[in-house]
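The structure appears right after this line, and notes come after that.
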Amino acid sequence: MYSQGLDQRDDAPRRVDDPAATAHDSALHARFDERVDAEEKIEPNDWMPDSYRRTLIRQISQHAHSEVIGMQPEGNWITRAPSLRRKAVLLAKVQDEAGHGLYLYAAAETLGVTREELVDQLLEGRAKYSSIFNYPTLTWADMGAIGWLVDGAAIMNQVPLCRCSYGPYARAMVRICKEESFHQRQGFEIMLTLSRGTAEQTAMAQDALDRWWWPALMMFGPHDSESTHSEQSMAWKIKRFSNDELRQKFVDATVPQAKFLGLRVPDDDLHYDDATGHYVFGEPDWSEFAAVLRGEGPCNAQRMAHRRRAHDEGRWVREAAEAHAAKHPRSGGTPVGPEAQQWANAGVRA
Ligand SMILES: [Fe+2]
Ligand SMILES: [Fe+2]
């Protein structure tokens with residue numbers, strides 16, 4: 001589904017090198033900068049600065065965690081979808097989010113970290129995921145608002161990531177964005193159906209917009225003036241637009257859609273500025289944003305408890321998959337047991 005404020009970098013630890021090594025590193029660094037400036041993709045085996053690698057691992061893994069945790073608010077409604085068609089579509093959408101998590105963990109692994117390590121970071125509370133998934137889904141209209149606004153914001157954030165300087169991340173994002181586009185449209189279609197329905201259905205759609213509008217704006221992260229690490233990510237061409245630029249693009253694209261639905265965006269300051277050609281909008285409640293990031297959102301504890309439980313309950317599946325892979329080395333498993341070991345020693349693949 002989405003990434004947020006995930007553009008922070010670690011500073012590489014200072015080290016004292018001998019002069020020859022320093023000169024060698026400087027040459028590699030200069031070549032890396034040239035390639036990034038020339039819009040060449042950096043691939044897993046290419047030299048890259050440690051801080052670039054760590055920034056990407058953090059951003060991609062937090063993005064993956066967001067996709068996986070992001071299944072929960074909507075998964076909660078699969079059994080209560082109002083028709084078989086809605087159920088099938090929602091199920092497909094939630095499955096897509098699981099797939100996004102998998103592509104992204106795989107992209108992160110190309111940087112030299114294991115998926116197990118990344119999952120442990122999430123389960124132990126050492127890694128963040130997007131704040132938006134810590135809000136509850138109270139009515140069916142929330143499925144519409146999430147697809148329309150949350151996946152809509154995700155697209156705004158993620159389309160530029162298709163041009164990210166790191167090849168595996170950029171390529172994963174191409175497919176993800178195609179699916180996010182479907183998600184956004186199915187959400188908008190739910191909102192359209194409700195807003196053209198009974199007075200009660202229209203009220204449900206308005207209530208969902210009221211509750212999701214501000215959290216959706218917060219998905220773009222803090223103001224540029226507060227986002228101290230964005231500059232480096234822009235220089236590395238991981239990030240292409242600032243948080244405020246993306247937020248503005250989202251508001252400009254979404255407000256006319258709300259008008260088309262006949263719904264009111266819950267912002268008294270919202271108006272169109274003829275001079276700039278952009279909508280002017282109010283200020284999100286940044287103290288709420290900070291609280292949700294600190295783990296104090298309405299559903300933080302519930303989301304993590306559920307993820308830990310799902311991880312524990314899925315242990316037998318992982319163990320069975322490993323056992324199967326070990327018995328079938330051709331499918332990529334490590335041979336174990338005397339027979340498999342014999343094959344391995346003989347260089348034979350069953
Ligand atoms: Fe999505
Ligand atoms: Fe997604």
* Asked: By how many nm would the segment from Phe260 to Glu117 grow when fully extended, if each residue of separation counts as 0.36 nm and the alpha-carbon distance is taken off?
  -> 46.9 nm
* **Three principal axis lengths of the stretch 47-112 [C-alpha, angstrom, descending]** => 52, 15, 11
* **Those residues of the stretch 205-231 whose amide nitrogen sits under 13 Å from the label point placed on Asp244, 7 Å along Cα→Cβ** => 222-228
* To do: Please build a GNM for the chain, connecting alpha carbons under 10 Å apart, and tell me which residue among Thr198, Thr79, Thr276 fluctuates the most.
  => Thr276
* Asked: So, how do all the Cα-to-Cα distances of the stretch 170-277 break down into 10 Å bins, in percent, from 0 on up?
  -> 12, 35, 33, 17, 3, 0
* Asked: Hey, rough spin-label estimate for Asp268 and Arg163, points 7 angstrom out along Cα→Cβ, what's it come to in nanometres?
  -> 4.0 nm
* Measure off, as a whole percent, the carbon and sulfur share of the 1.4 Å-probe accessible area of the stretch 66-199, all protein chains present. => 60 percent
* In a shell of Cβ-Cβ distance under 14 Å around Thr276, excluding Thr276 itself, what net charge do Lys and Arg (+1) and Asp and Glu (-1) give? -> -4
* Can you give the net charge of the other residues whose Cβ lies under 15 Å from the Cβ of Leu91, counting K and R as +1 and D and E as -1? -> +1
* Determine the order of Phe241, Phe260, Phe182, Phe32 by accessible area, beginning with the largest, at a probe radius of 1.4 Å. => Phe260, Phe182, Phe241, Phe32
* Run down the lysines and flag those whose C-alpha is under 18 Å from the C-alpha of Lys93, throwing out any fewer than 8 positions away in its chain. => Lys178
* To do: Name the long-range amide H neighbours of Ile42: under 5 Å, sequence gap of 5 or more, or other chain; modelled H, no Pro or chain starts.
  => Tyr166, Gly167
* To do: Would you please give the residues with an amide H less than 5 Å from that of Val280, counting only those at least 5 places away or on a separate chain, with H modeled from the backbone geometry?
  => His271, Tyr272, Asp273
* Structure fact -> Here the stretch 189-203 yields Karplus 3J(HN,Hα) values (6.51, -1.76, 1.60; θ = phi - 60°; whole Hz; Gly and Pro given as x) of 5, 5, 5, 5, 4, 5, 6, 9, x, 6, 4, 5, 5, 4, 5
* Residue-wise HN-Hα coupling along the stretch 96-107, computed from phi with Karplus coefficients 6.51, -1.76, 1.60 (Hz; x: Gly, Pro) -> 4, 5, 4, x, 4, x, 5, 4, 6, 4, 5, 5
* Could you work out how far helix 315-327 tilts from the main Cα principal axis of the chain, as a 0 to 90 degree angle to the nearest 10? => 40 degrees
* Asked: For Trp77, what is the net charge nearby, where nearby means another residue's Cβ is under 11 Å from its Cβ and Lys, Arg count +1, Asp, Glu -1?
  -> +2
* Using 1/(1 + (r/R0)^6) with R0 = 56 angstrom and r between the beta carbons of Ala326 and Ala275, what's the FRET efficiency to the nearest 0.05? -> 0.25
* To do: Return the whole-Å distance between the Cα centroid of the stretch 269-296 and the Cα centroid of the stretch 177-237.
  => 12 Å
* Structure fact -> Calc'd 3J(HN,Hα), the stretch 122-136, phi into Karplus 6.51 cos²θ - 1.76 cosθ + 1.60 (θ = phi - 60°), Hz, glycine/Pro = x, comes to 5, 5, 8, x, 8, 10, 8, 9, 4, 4, 4, 7, 9, 9, x
* Whether the stretch 90-143 is rounded, prolate or oblate, judged on the alpha carbon gyration tensor where a/c under 1.5 counts as rounded -> oblate
* Using 1/(1 + (r/R0)^6) with R0 = 30 angstrom and r between the beta carbons of Phe182 and His306, what's the FRET efficiency to the nearest 0.05? -> 0.75
* Can you give the convex hull volume per residue for the Cα atoms of the chain, as a whole number of Å³? -> 178 Å³
* Asked: So what is log10(I(q)/I(0)) for the stretch 62-214 at q = 0.13, 0.17, 0.20 1/Å, when the Debye sum runs over its Cα atoms only?
  -> -0.61, -0.97, -1.24
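The values are calculated or read from the model by the stated rules, or taken from the named source; none is laboratory data. Keep in mind that this is a model prediction, so the values were computed, not measured. Reconstructed Cβ throughout: ideal geometry from the backbone, glycine too, with neighbour counts over all protein chains shown. What goes into the accessible areas is simple: the full protein's heavy atoms, side chains included, and nothing from ligands, DNA or RNA. Shrake-Rupley method; radii C 1.70, N 1.55, O 1.52, S 1.80 Å.
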